[in-house]
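J.: Can you keep this structure in mind? I'll have questions shortly.
Coordinate-derived values only; no laboratory data. Predicted model, so just to flag it, every value in this text is computed and none were measured. Ideal geometry is used to build each Cβ from the backbone, glycine not excepted, and the neighbour counts take in all protein chains shown.
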Amino acid sequence: MSSNLQIDKPIIELENKIEEFKKMSKESNIDLSIEIKMLSEKLSKLKKEVYENLTPWQKVGLSRASDRPTTKDYIENICSEFIELHGDRLYKDDKAIIGGIGFIDNTPVTIIGHQKGKDVKENIERNFGMPHPEGYRKALRLMKQAEKFNRPIITFIDTPGAFCGLGAEERGQGEAIAKNLFEMSGLKIPIISIVIGEGGSGGALGLGVSNKVAMLEHSIYSVISPEGLASILWKDASKASEVANIMKLTSSDLYELKVIDKIIKEPLGGAQKDIKFTSKNIKEYILEEIQYFQNKKIEDIISERYNKFRKIGYNL
Amino acid sequence: MSSNLQIDKPIIELENKIEEFKKMSKESNIDLSIEIKMLSEKLSKLKKEVYENLTPWQKVGLSRASDRPTTKDYIENICSEFIELHGDRLYKDDKAIIGGIGFIDNTPVTIIGHQKGKDVKENIERNFGMPHPEGYRKALRLMKQAEKFNRPIITFIDTPGAFCGLGAEERGQGEAIAKNLFEMSGLKIPIISIVIGEGGSGGALGLGVSNKVAMLEHSIYSVISPEGLASILWKDASKASEVANIMKLTSSDLYELKVIDKIIKEPLGGAQKDIKFTSKNIKEYILEEIQYFQNKKIEDIISERYNKFRKIGYNL
Amino acid sequence: MIKKLLNKEKEYAKVSVNKNFKNKSVDDKFWIKCTSCGSNIFKKEVEENLNICPKCNYHFKLPARERVNLLIDEGTFVEIDADLTSINILDFPEYEEKLSKYSAKSKEKEAVITGYGKINDIEVALCVMNPDFMMGSMGFIVGEKITKGIEYAIENKLPIIIVCASGGARMQEGIISLMQMAKTSQALKKLSENNLPYISILTDPTTGGVTASFAMLGDLIISEPNALIGFAGPRVIKQTIKQDLPEGFQRSEFLLDHGFVDLIVNRKDMKNKLYKILKIHGC
Amino acid sequence: MIKKLLNKEKEYAKVSVNKNFKNKSVDDKFWIKCTSCGSNIFKKEVEENLNICPKCNYHFKLPARERVNLLIDEGTFVEIDADLTSINILDFPEYEEKLSKYSAKSKEKEAVITGYGKINDIEVALCVMNPDFMMGSMGFIVGEKITKGIEYAIENKLPIIIVCASGGARMQEGIISLMQMAKTSQALKKLSENNLPYISILTDPTTGGVTASFAMLGDLIISEPNALIGFAGPRVIKQTIKQDLPEGFQRSEFLLDHGFVDLIVNRKDMKNKLYKILKIHGC
Ligand SMILES: [Zn+2]
Ligand SMILES: [Zn+2]
């Protein structure tokens, strides 16, 4: 699903009309400047109105949109000399999670993230960003490596969830996620996570036991998909849009619930409208947090992370 | 192959003859006591002669004999309240390596060993004691567990080698063994290994980076099987018996080469003749070594192990 | 010791097993039909047998309170945080009603009982999930009580045993429920760094967020026979792969074979096995 | 820097590639036939191309000395333990003769070159195995030199790079050869505890005891394209399973897919990639 399918519809219609007027005015040599100015102002207003008042369900759509930037896009934009590293050293290189090393400005970092595809072919290769246990084990390997060499870890979260198939169960999907939660909580380096699209349940949390968790403005993070919850509650997946409204899955809901630490601004209309702008915001956030942790003692880094999760739900 | 197929042949013939004489003497009421006494003395001599002068190739046979006691037999005889623990938490429970916890006298220990089968069915289940990567990973998991709870580790080595199949290669046989060598060398508890049958190459060493390595008298330990070496050197596996003589694979050879620390006595004719006796010797050895390490500092335990392997080959 | 326990059946094994049985055609006041072997069995006989089918060893569900009695020496169990009850953090529709209903029905305030007590005189911390309370789902209070149980073990240098039984995260608590996975797992990491043993016991069913957190983190993982254990539930998997699941898939024996369970122990032997394990761990 | 190196081809890339080619029907003084794509190529062209087929990028073997020149800044390499040579510890028949033969042929004293030098001004310890010396087999001296290389890295707080190429353990040294696996692996454990990076580079072929020890222990594992990497050799596996091996089995790309190699890097890009990795590791 492309992000401009539904939400953008009135906006695109208006944009097209303005183009038409411009063309007309040029071709027929009629002065339509007043009309064009009026329409442009209207467009501007409409954009604000639509994009700043997205419903949770519209945000679900936006967070999953096929043109929404992925982990790779942000790595390209914020990281220099990135080298992707592969494999869990046990069974497979799971392409639904990527990871590697590089610099953000002058700081060496390890970056790990769920990776969706840009088209059908890549999505099949990457299993639509739904990892098998191998993906979590690769992530853990790279995190331990980061710890050894004292590099901060950045994780990008963007998955419908961990994959639910025979092989995934056989090879211990539950164990793999559990082990990541367990081990991440003890890592002797800061971990900074950013939900950039879908934060789908345990499959998302498997990269998310971090010192700081931020969300892109229009991303979501939830224990189950709205469709999943609708079919459990009302045996009717089509009620997902209603369900989304009660789920508290938007960045502002999660900020209020003190589950996340920061909302990172997206451009009007969503991250895909201006990847550079979104990346700049992400990069600034990361650098700010890296600086925050720079002179912290290891014990404090670990205990801050512990306390963060220890008190979620308590502080409401 | 049963151990009494070739080596025992003249002995068994003599034993049978003595039985015959006894029967005859009883049934026919003839006094054959002198003859019987003479034959018994001859038997005694023959046994010593045969069993104390086994050729390396005969020892290869004995070490592989189907009635040779296995890891399980020794566990039963030296360990109380043994609880077998299963699985690598990654892919499989490999039945070619078993492991678990229990007491030797009053000391809690972790015991791990290659496990061959007693019959064809069990041998198929246990892949003739040839582990897949999962076996080594299970062993490592149990070793880390032992380290956490400060239990000495006992390993029994008895394998033709790590398995050479597609799945084993796909899932990283080399990585699994390498990781064990690497991790074992850092474990903060003493490790005591006993080669009880075949010590086959890397597949054996994968359980053998230990503080102390002992061998049962008639067991072997080598970089390759005699058959394998014969076919590499002379493209003729049938020359294995000749090759065995130059390989230095017997316990006395390895003791001389300072690769092992101790030869544990077997009863005349091999461990299978008296499992209780062999087990008693093993148990005494283990307890002695456990006592040796009891009051050692962790750093010393680790550095003694390091130095042991560091100087192999150097001290000749 | 186990023998002693088994002689006390009357005190703890009188549990309702009705909900475990599908076929009600036989007079379900006295007889039940085993879901596994199909035998018609005298209900009292099952109850007096720790909810195990006397014909085929099938382990029916056991309410949490009975489990505590099964494992802990009589009179030694001290419950902690017994009064903690869930609140409707997210204002989720009809959640309070649901809580009240399960509370009334199960006579428990939440889906887990936590505390400490003795196993043949060895002191342990113990958490037992209750499959009958909202399917043993993990909300804030379940996560909180388990975390506090773990913290109690750390403070008092005790081993901890957690008996898992759960349908997964509690949907009505949304993201807060998901975060209980992180909270409990990190507490176990702390326990682990204190070198204290954690024994995880998996019972039917252990799925979802519980499997993907503390259930799979035991130093030793023990399972009852034939328990369903998985991350995704069978129905979800079936929907995903659009075909039937293989016989025995996600059952204890399957997990043992695939390396995720250390041993399978019958309910009747559980206390004795735990005792032996604790002894070996120097407890 | 790489460019500079590539311009110096004449100095280090004049290597004999004859043994890499099967088909000698074309005039093998000037022409060779690529084992991979079958093209007839001008031999000099291959030699000047770092022993890479200019048509299909097939990486032929590269002698150890050339590899050192390829990776290390000109004039900065200092070899250590150059004079260590194997002795016949086990009195193995004809071993001395074999050693002499390979020594004469390869003009090297053993199957590994060890030392230290600079990669674009970053100092590293380096061990390079020589596939031409007794098939790069690991005997006591190979294990000893690599261990000393690792110990040098530890003492001098340097990263270490080991370029693997080996048929496995050296049969003529029996159990002593096997023990080199333990010796090198434990040295790497010590290095690891000092938080120094170890980069393992796998080249064709890396098998047996080398695969089951230091080759697979890199913090990062890099492979050249299409290298054979495995524990058991293909012939042994074929004998075991009694069927042909799948296309591409045990090749670099296969290992990447199965999770055992971090990245595959062309020979020409290797130095630059190492440089980047070292920089990220703060070297
Ligand atoms: Zn039944
Ligand atoms: Zn070619």
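J.: To one decimal in nm, how far is B:Glu49 from the same spot in the other copies, if labels go 7 Å from Cα toward Cβ? Please give the shortest first.
T.: When each copy's label point is compared with this one, the spacings are 11.3 nm.
J.: Another question, then. Among DSSP beta bridges lying fully in the range B:60-311, give the percent that are antiparallel, nearest 5. Intermediate values should be presented prior to the final figure.
T.: Values: 12 of 32 bridges.
Close to 40 percent.
J.: Restricting attention to the range A:180-282, which trypsin sites (Lys or Arg not before Pro) occupy a DSSP loop and are surrounded by at most 10 other Cβ atoms within 10 Å?
T.: Those that pass, being in a loop and sparsely packed, are A:Lys235.
J.: Shifting gears a bit: Using the alpha-carbon centroid of each, what span in Å lies between the range B:149-164 and the range D:208-272?
T.: About 26 Å separates the Cα centre of the range B:149-164 from the one of the range D:208-272.
J.: Here is a further query. Between the alpha-carbon centers of the range A:191-217 and the range B:51-121, tell me the distance in whole angstrom.
T.: Value for the Cα centre distance between the two parts: 46 Å.
J.: Could you tell me how many degrees, from 0 to 90 and to the nearest 10, lie between the Cα long axis of helix B:9-27 and the main elongation axis, the longest principal axis, of the Cα atoms of chain B?
T.: Once rounded, the angle reads 40 degrees.
J.: Here is a further query. Which of B:Arg171, A:Arg310, C:Arg67 has the fewest other C-beta atoms within 10 Å, and how do the rest follow up to the most?
T.: Going from sparsest to densest Cβ surroundings: A:Arg310, B:Arg171, C:Arg67.
J.: Relative contact order for chain B: what percent, with Cα pairs under 8 Å and sequence separation of 6 or more? Please list the in-between numbers first.
T.: On the way: 584 pairs, mean separation 50.5, N = 316.
The normalised contact order for chain B reaches 16 percent.
J.: Something else: Test of the criteria: in the range D:185-283, which GluC sites (Glu not before Pro) are in a DSSP loop and have at most 10 other Cβ atoms within 10 angstrom of their Cβ? Display every interim value, and only then the final one.
T.: On the way: sites: D:Glu193, D:Glu247, D:Glu253; in loops: D:Glu247.
Answer by residue number: D:Glu247.
J.: Does the protein assembly as shown come out rounded, prolate or oblate, given a ≥ b ≥ c as the square roots of the eigenvalues of its C-alpha gyration tensor, rounded meaning a/c under 1.5 and, failing that, prolate meaning a/b above b/c? Numbers along the way, then the final one.
T.: Numbers: a/c = 2.23, a/b = 1.19, b/c = 1.87.
Judged from the Cα gyration tensor, the protein assembly as shown comes out oblate (a/c at least 1.5, b/c at or above a/b).
J.: To one decimal in nm, how far is D:Asn266 from the same spot in the other copies, if labels go 7 Å from Cα toward Cβ? Please give the shortest first.
T.: In nanometres, ordered from closest: 6.7.
J.: Past 27 Å, Cα to Cα: identify those pairs from A:Lys248/A:Lys276; A:Lys9/A:Lys239; B:Lys138/C:Lys148; A:Lys116/C:Lys242, in the order given. List each step's numbers first, then the result.
T.: On the way: A:Lys248/A:Lys276 29 Å; A:Lys9/A:Lys239 22 Å; B:Lys138/C:Lys148 31 Å; A:Lys116/C:Lys242 22 Å.
Flagged as over cut-off: A:Lys248/A:Lys276; B:Lys138/C:Lys148.
J.: Still on this structure, I have one more. Express as a percent, rounded to the nearest 5, the fraction of DSSP beta bridges in the protein assembly as shown (both residues included) that run antiparallel. The partial results should precede the final answer.
T.: On the way: 56 of 132 bridges.
If I count the DSSP bridges inside the protein assembly as shown, around 40 percent turn out antiparallel.
J.: Okay, moving on. Could you identify the residue of C sitting closest to the C-D rotation axis by Cβ and state that distance rounded to whole angstrom?
T.: C:Gly259, 8
J.: Amide H neighbours of C:Ile264 under 5 Å, counting only residues 5+ apart in sequence or on other chains, H built in-plane at 1.01 Å?
T.: C:Ser223
J.: What order do you get for C:Met135, B:Met184, C:Met181 when you list them from fewest to most C-beta neighbours inside 10 Å?
T.: On the way: C:Met135 18, B:Met184 27, C:Met181 30.
Ranked by crowding around the Cβ, least crowded first: C:Met135, B:Met184, C:Met181.
J.: Restricting the count to DSSP beta bridges whose residues both fall in chain D, what percent are antiparallel, rounded to a multiple of 5?
T.: Values: 16 of 34 bridges.
Just about 45 percent of them are antiparallel.
J.: Ok, one more. Using the basic label-point model (7 angstrom from Cα toward the beta carbon), what is the A:Lys296 to B:Leu46 distance in nanometres?
T.: 8.0
J.: Calculate for chain A the 222 nm mean residue ellipticity that helices alone would give, adding -39,500 (n - 2.57) per DSSP H run of length 4 or more and normalising by residue count, nearest 500 deg cm²/dmol. Walk me through the intermediate numbers first.
T.: Working: 14 runs with 155 residues, N = 316.
Rounded to the nearest 500, the figure is -15000 deg cm²/dmol.
J.: Ok, one more. Hey, what do the phi angles of the range B:144-157 turn into as Karplus ³J(HN,Hα) couplings, whole Hz, using 6.51/-1.76/1.60 and θ = phi - 60°, x for Gly and Pro?
T.: Along the range B:144-157, the couplings run 5, 4, 4, 4, 4, 9, 6, 9, x, 10, 10, 10, 9, 9 Hz.
J.: Convert each backbone phi in the range B:62-68 into a coupling constant with the Karplus relation 6.51 cos²θ - 1.76 cosθ + 1.60 (shift: θ = phi - 60°), then list the ³J(HN,Hα) values in order as whole Hz, x for Gly and Pro.
T.: 3J(HN,Hα) across the range B:62-68, in whole Hz: 4, 5, 9, 4, 5, 9, 6.
J.: So what are the ³J(HN,Hα) numbers for the range A:285-290, from phi and the Karplus equation (6.51, -1.76, 1.60; θ = phi - 60°), rounded to whole Hz, Gly and Pro as x?
T.: 4, 4, 5, 4, 6, 4
J.: Taking each residue of A:139-146 in turn, how many C-beta atoms of other protein chains fall within 10 Å of its C-beta, and what is the average?
T.: For peptide A:139-146, the averaged partner shielding equals 1.
J.: Counting other beta carbons within 10 Å of each Cβ, put B:Tyr221, D:Tyr58 in order, fewest first. Each step should come with its number before you reach the end.
T.: Numbers: B:Tyr221 28, D:Tyr58 19.
The fewest-first ordering by Cβ neighbours comes to D:Tyr58, B:Tyr221.
J.: While we're here: Using the Cα gyration tensor of chain C, with a ≥ b ≥ c the square roots of its eigenvalues, what is the shape: rounded (a/c below 1.5), prolate (a/b larger than b/c) or oblate (neither)?
T.: Working: a/c = 1.31, a/b = 1.09, b/c = 1.20.
Taking the square roots of the gyration eigenvalues as a ≥ b ≥ c, chain C is rounded.
J.: Another question, if that's okay. DSSP loop (so not H, G, I, E, B), at most 12 other Cβ within 10 Å: list which trypsin sites (Lys or Arg not before Pro) in the range C:217-283 pass both filters.
T.: Numbers: sites: C:Arg235, C:Lys238, C:Lys242, C:Arg251, C:Arg267, C:Lys268, C:Lys271, C:Lys273, C:Lys276, C:Lys279; in loops: C:Lys242.
The qualifying sites are C:Lys242.
J.: How large is the Rg to Rh ratio of the range C:44-163 when both quantities use alpha carbon positions and Rh follows Kirkwood? Before the final figure, lay out the partial values.
T.: Working: Rg = 15.6 Å, Rh = 15.4 Å.
Ratio of gyration radius to Kirkwood radius: 1.01.
J.: While we're looking at this one, here's another question. With the label 7 angstrom out along Cα to Cβ, how close does B:Lys276 come to the same site in each of the other copies, in nm, nearest first?
T.: 8.8
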